[in-house]
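Novice: Have a look at the structure that comes next, please.
What follows draws every value from the coordinates through simple rules; no lab data is involved. These figures come from a predicted structure and were not determined experimentally.
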Amino acid sequence: MYRFVMTLCTTLLLLASAPAQAQMPRMELNVGLYRIEAEVAADQANRMQGLMHRRSMPANQGMLFVFPVADRHCMWMRNTFLPLSVAFLDEEGRILNVEDMQPQTENNHCAAGPARFALEMNLGWFSGKGVKSGVRIGGIEKSPRPQ
C-alpha cells in the first residue's frame, strides 16, 4: 500500500509541475489538395507558448501564428522538442520562405519579408508536398484577428 501511495503522489507531483497546454482555437487551412488542421496562436501568450513542451504532432496538424502587424518576425525552438518547418506568410497567405528548425535550439529563423502569419508543421512537411515560396495557403482569411 505504501508503494502505491508513493507512486500516486509522485505521479500527481509530475503532472502538477508539467507546463499546462492552453487550449487554442483550431481552424482548417489548405494548400492544393492538402488539408491542414491548425491550432491558432493569435494572442501574445499563445504565440509565446507555441508548440513548446510537446512530444508529438499528427502528420497534417500544425500551428498558425497570427501577428498583429506584418514584419520580419523570427521564430526559435527553446523548449520545443519537435523538429519543425515554419512557413512565413504575407497578408494574403502567400509563402515568403520556409525554414527548417531543430529541437531545443535558439537560432533565429526569420521571415524573408514582412510576414503576418507563420505556419509551423512537422519537419519536412512543406518540402515533402512540393510547397514552396509563392504558394498560397487557403483559409488564412478566416483566421481570428490578432490580439
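Novice: Quick one: which residues, 5+ away or cross-chain, put their amide H under 5 Å from the amide H of Ala112? H built at 1.01 Å from N.
Specialist: Asn97
Novice: Quick one: check the C-alpha center-to-center distance for region 122-139 versus region 20-57, whole angstrom.
Specialist: Value for the Cα centre distance between the two parts: 16 Å.
Novice: Collect residues whose amide H, placed 1.01 Å from N in the peptide plane, falls under 5 Å from the amide H of Leu89; neighbours closer than 5 in sequence don't count.
Specialist: Long-range HN contacts for Leu89: Leu96, Arg116, Phe117, Ala118, Leu119.
Novice: Using alpha-carbon pairs under 8 Å, 6+ residues apart, how would you state the relative contact order of the chain in percent? Walk me through the numbers on the way to the answer.
Specialist: Numbers: 294 pairs, mean separation 36.1, N = 147.
It comes to 25 percent, rounded to a whole number.
Novice: Radius of gyration and Dmax for the chain's Cα atoms, expressed in Å?
Specialist: Values for the chain (Cα only, Rg and Dmax): 17.1, 63 Å.
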